[in-house]
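Encoded as structure tokens, the structure appears first; notes follow it.
Quick note: the coordinates plus some simple rules give every number you see, no bench work behind them. For clarity, every value in this text was computed on a predicted model and none was experimentally measured. A quick note on method: Cβ atoms are made from the backbone with ideal geometry, for glycine too, and the neighbour counts reach across all protein chains shown.
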Amino acid sequence: MTSKQIHANPSKSRSPRHRAREFALQGLYQWLLNNEDSGVIDAHIRQAHGFDKADREHFDALLHGAIKQSIQLREEIAPLIDRTIAELSPIEHAALLIGAYELKHHIEIPYRVVINEAVELTKSFGGLDGHKYVNGVLDKLAARLRATEISAGK
């Protein structure tokens, strides 16, 4: 896996929104490793095979929103992890940024969907047990950011 490209396990039934998350994860991965300008990353990702099947609006929101708000999102995540942000794998870090951004700014997406999508991204792109870690952290974050939604579902 190079810093320019990461590949997921192919899946035939990916929704446009899921594809947007996959491409946003790739862009955030690039940003985390190379600290490239988001515009350069955006242009590169838009040239990728399959981008035409992604929800472009959601991709823009995730990539640019997570980068612009990375400091605030990391402040939300930091108390919930057992290591420093710098010690997270880039895939876990990117998936947590996407999940935190969606939990905070896309309340129209159920918290369980946000967590599941971040877990699936981590399973596809990350290491062996990274998805369990992402699940646990986002579960705790959802309890803080979506307490009303969670209690309404019980």
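Could you let me know the centre-to-centre spacing of the range 107-154 and the range 16-60, using Cα atoms, in angstrom?
If you average the Cα positions of each part, the centres end up 21 Å apart.
Which one of T84, L33, G126 has its Cα pushed farthest toward the positive end of the charge dipole of the range 3-154, where Lys and Arg give +1 and Asp and Glu give -1 at the Cβ?
Final value for the positive-end residue is G126.
Would you mind ranking R46, R83, R14 so that the residue whose beta carbon has the fewest other beta carbons within 10 Å leads the list?
In order of increasing Cβ crowding within 10 Å: R83, R46, R14.
Only four residue types carry charge here, +1 at the Cβ of Lys and Arg and -1 at the Cβ of Asp and Glu. Report the dipole size of the range 16-153 about the Cα centre in Debye, rounded to the nearest 20.
200 debye
Which helices, taking whole DSSP H runs in the chain, have alpha carbons extending 18 angstrom or more along the helix axis plus mean Kyte-Doolittle at least -0.5?
90-105, 111-125, 130-145
Compute the Cα gyration tensor for the range 12-131, then decide on rounded, prolate or oblate, letting a ≥ b ≥ c be the square roots of its eigenvalues: rounded whenever a/c is under 1.5, prolate when a/b is larger than b/c in the other cases, and oblate in all that remain.
Rounded shape, in that the Cα axes give a/c under 1.5.
If you build a Gaussian network model of the chain, linking Cα atoms that sit under 10 Å apart, which residue out of A86, A100, A142 swings the most?
Per the Cα network of the chain with a 10 Å cutoff, A86 tops the list.
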